[in-house]
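Have a look at the structure below before the remarks.
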Amino acid sequence: MALPTTANEIWRHIEKWPFAVLSFVTPSGESRSAGVMYKVKDRAVYVLTGPNTWKARHIRSNPNVSMTVTIQRLPIRIKMVPPAVITFSGTAEVLDMVDVDDDIREALTSGIDEMPDMCAIKVTPKGNFVTYGIGVPAMTMRHPEQSLARVPVS
C-alpha cells in the first residue's frame, strides 16, 4: 500500500494542533496518560509541567512514551467521520527550564503571569508515525483499511 502522506506533512499537522495525549509508564509498570498542550521545535515536542508531577516523575524513571494528536478536519462533526489521528512512540527527557531554548520557553509559558517552579518534557519521536485519516479524503475515513498508514518519522 502506498503511503498517503509524508513525515513532513505529518509534522505540519502536529505543529498546527496544540493538544495531545501523552502516555507513559509508572515504575511499577502501570500505564498512565495525560492531556497536554505542547509546542514543536526541530522535530521535537515540548510540554510544560511541574518537576514533581506524575508525568515528570514517571518519565525520569522510564523515558519511553507515546503521544496521540487528534485532528478535527471538518468544521462540523459528522458522526460517521471520526477525527484524524497521529500517534507515535518516542523518548522523553525532563529538562530544567534553563536548558530549554528561549523561544520554546517563551511559547510554553506565554500567558502565565506567575511562573511557579516548572520544567519541560522534550519528546523526540522514533520509529513510525501511525496515522488514521491523514492524507486521505474525509469520507474515506469511514473505511479504516483505507485510512491507516505507517510513515517513518525521519
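The values are calculated or read from the model by the stated rules, or taken from the named source; none is laboratory data. Values in this document were obtained by computation on a predicted structure and should not be read as measured data. Virtual Cβ from ideal backbone geometry, glycine too; neighbours counted across all protein chains shown.
Data overview
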{"item": "Filter result for the condition that a residue is in a strand (DSSP E or B) and in contact with an Asp or Glu (Cβ under 7 Å, 6 or more places away or on another chain), over 122, 126", "result": "122"}
{"item": "Any hit, the stretch 108-116, residues being buried (at least 16 other Cβ atoms within 10 Å of the Cβ), touching a strand residue (DSSP E or B) at 6+ places or on another chain (Cβ under 6 Å) and modelled with pLDDT under 95", "result": "yes"}
{"item": "Single unsatisfied condition, residue 71 versus (1) β-branched (Val, Ile, Thr); (2) buried (at least 19 other Cβ atoms within 10 Å of the Cβ); (3) farther than 20 Å from residue 97 by Cα", "result": "(2)"}
